[in-house]
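Quick one: this structure, given as structure tokens, is what I'll be asking you about.
Rule-based calculations on the coordinates, nothing more; no lab input. All values derive from a computational prediction rather than experimental measurement. Glycine gets a Cβ as well: all are built from the backbone with ideal geometry, and neighbour counts include every protein chain shown.
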Amino acid sequence: MTSMGKKEGTAQVILVGDELLAGEVRDKNGYFLASSLKALGYKVTAIHVVPDNLEAIANSLKLAQRNCEVTIVSGGLGPTSDDRTAEAAAMAFSVDLELHQGWLRQLETFLKDLGMRLGDANKKQALLPRGAAILNNRKGTAPGFVMEGMDNKLLYFLPGVPSELSDMFEQEVAPDLASRAGLKVQTKIVDVFGLPEAVLYERLDGLEKAIPSISLGFLPEFPVIHVKVVARTGQGGDVRADSEKALAAIEKKLGDHICGRDMKPFATSLVNLLKERGKTLALAESCTGGRAASLVTEVPGASSVFKGCVVAYHNEAKQGLLNVPLEVLEIHGAVSAETASAMAEGVKHVLGADIGLAVTGIAGPSGGTPDKPVGLIWFSMSGPWGIDTYNKVLKGPRHWIQSLAGHVVLDRLRKRLL
């Protein structure tokens, strides 16, 4: 990697896995790695997908050493017989595989903490090419490692599990690349909800030119988009000041569409606001089937403010559990402002909360009418301010509509509490 003002470094990504080539698994790692490398100042020239074949992987590694300064390899480090990336790396570098005793001990401790024992399949994961330097994996059993090829070319090997790969890249690879280049690097992540990607890009357009020491990367994780802000400077630069300047500019441009930081659970900000305000929350869900409640309970400590959720899918449940009047359901229907309002009021009183949220709608793919199309969702908030009821027509397949609706109802309350 080169410092600011010098020639942009080149990088490529190699994704290993038959399941990727067969279309059985949707790739997340390629986008993440390309975005992350760009933010660090690299031009990604190619993303290759290769099968779980020893010769194919080895040949791609040999070619990589000739083409790019940095190569990131994802996948093939697991315990099964088709995980052959470490063996292919040994073949490409013409070295033997050796048992790495340090990782073997760490692996044994990791499994023991999970109540598991170290088996022969896991021992295979401690067989690494001679000369490889370990990259620590805090979330799994597969070690990462880095090797130096011809002309100081660097090849980083990471597991294919997205959560393990992203954590290892941020904790191990990015700092190593920065250190080798003599740079100071600070990475911050801003979580954004409620803006289409195109609009988000437009609002942040020009920021990199205004603050040349920062780069932006985008990681969509429906329905949230994570904006990675990477500030990098030479040893004389003030990386913290540049990072704070960029974050302040992003906050001004995006406002309350910023729903969190550092890819924490979506409802983290909402839970924290409820704690600060001394308020409790209850949820009534119909078409979302508990998705909003699931988002809340992902947050550690949510039990101090979250009373619970009533999933009232059938009209009889809306009547019996939430006290929605029969005449409201008969006259206005389950998908209506009146029913949503009654659900929010009902769950607030039934569970003894300060705030009641409700969501009811038509998630599809069938059930829509000209007056009430598929994707019509009614939301309601009942709290100290009174009742706030609104609707949106959401687009997409059923699971998208359900997920998006669960996020919308919580985000509206977050903005209200702000």
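Roughly what angle does helix 398-417 make with the longest principal axis of the chain, taking Cα atoms, 0 to 90 degrees, to the nearest 10?
Helix 398-417 sits roughly 70 degrees off the main axis of the chain.
Rank-order 22-31, 126-135, 347-356 by packing density, defined as the average count of other C-beta atoms within 10 Å over each peptide's residues, highest first. Working shown, then result.
Numbers: 22-31: 13.9, 126-135: 18.3, 347-356: 20.7.
Sorting 22-31, 126-135, 347-356 by mean packing, highest first, produces 347-356, 126-135, 22-31.
What angle do you read, to the nearest 10 degrees and between 0 and 90, between the alpha-carbon axis of helix 29-39 and the longest principal axis of the chain?
Rounded to the nearest ten degrees, it is 80.
Considering only ASN315, PRO300, ILE387, whose Cα is most displaced toward the positive end of the charge dipole of segment 268-417, charges sitting on Cβ of Lys, Arg (+1) and Asp, Glu (-1)?
PRO300
OK, next. Helix 54-67 versus the longest principal axis of the chain: what angle, 0 to 90°, nearest 10, using Cα atoms?
The angle comes out near 80 degrees.
Another question, then. How far apart, in nm, are the 7 Å Cα→Cβ label points at ASP18 and GLU208?
3.9 nm
Separate question: Order 392-405, 103-116 from most to least packed using the mean count of other Cβ atoms within 10 Å. Provide the component values of the computation, followed by the final result.
Working: 392-405: 17.8, 103-116: 13.7.
My ranking of the peptides, most packed first, is 392-405, 103-116.
Among VAL185, VAL146, VAL328, determine the one that fluctuates most according to a GNM of the chain built with springs between C-alpha atoms less than 10 Å apart.
VAL328
Take the alpha-carbon centre of segment 28-55, take the same for segment 272-301, and report the distance between them in whole Å.
37 Å
When N is the residue count of segment 1-181, what does its C-alpha Rg come to as a fraction of 2.2 N^0.38 Å?
Output field value: 0.98.
Between segment 198-221 and segment 304-344, what is the separation of their alpha carbon centroids in Å?
Using only Cα atoms, the two centres lie 42 Å from each other.
Can you order the peptides 334-343, 270-279 by their average number of other Cβ atoms within 10 Å per residue, highest first?
Sorting 334-343, 270-279 by mean packing, highest first, produces 334-343, 270-279.
With the Cα gyration tensor of segment 209-311 giving a ≥ b ≥ c as the square roots of its eigenvalues, does the rule (a/c under 1.5 for rounded; else a/b larger than b/c for prolate; else oblate) give rounded, prolate or oblate?
Verdict is prolate for segment 209-311.
Let me ask something else about it. Could you give the size of the charge dipole of segment 1-181 about its Cα centre, using +1 on the Cβ of each K and R and -1 on the Cβ of each D and E, expressed in debye and rounded to the nearest 20?
Numbers: 19 positive and 23 negative charges, 98 e Å.
Dipole size: approximately 460 debye.
With only Lys, Arg, Asp and Glu charged, each at its Cβ (+1 for the first two, -1 for the last two), find how big the charge dipole of segment 182-263 is about the Cα centre; round to the nearest 20 debye. Present the calculation step by step, with values, prior to reporting the outcome.
Working: 11 positive and 12 negative charges, 60 e Å.
Its charge dipole is roughly 280 debye.
Mean separation of Cα pairs under 8 Å and 6+ residues apart, divided by the residue count of the chain: what relative contact order is that in percent? Please list the in-between numbers first.
Details: 827 pairs, mean separation 45.3, N = 418.
That works out to 11 percent.
For the chain, what is the calculated [θ] at 222 nm in deg cm²/dmol (nearest 500), taking -39500 (n - 2.57) for each run of four or more DSSP H residues and dividing by its residue count?
Working: 17 runs with 164 residues, N = 418.
Estimated from H runs of four or more residues: -11500 deg cm²/dmol.
So I have (i) 67, 59, 43; (ii) 140, 71, 37; (iii) 78, 52, 42, and one of them is Cα extents along the principal axes in Å calculated from this model. Which one is it?
Matching the structure shown: (iii).
I would also like to ask the following. Suppose every Lys and Arg Cβ carries +1 and every Asp and Glu Cβ carries -1, with no other charges. What dipole size does the chain come out with about its Cα centre, to the nearest 20 debye? Spell out each step's value before the answer.
Values: 46 positive and 47 negative charges, 199 e Å.
Charge dipole, the chain, about its Cα centre: 960 debye, nearest 20.
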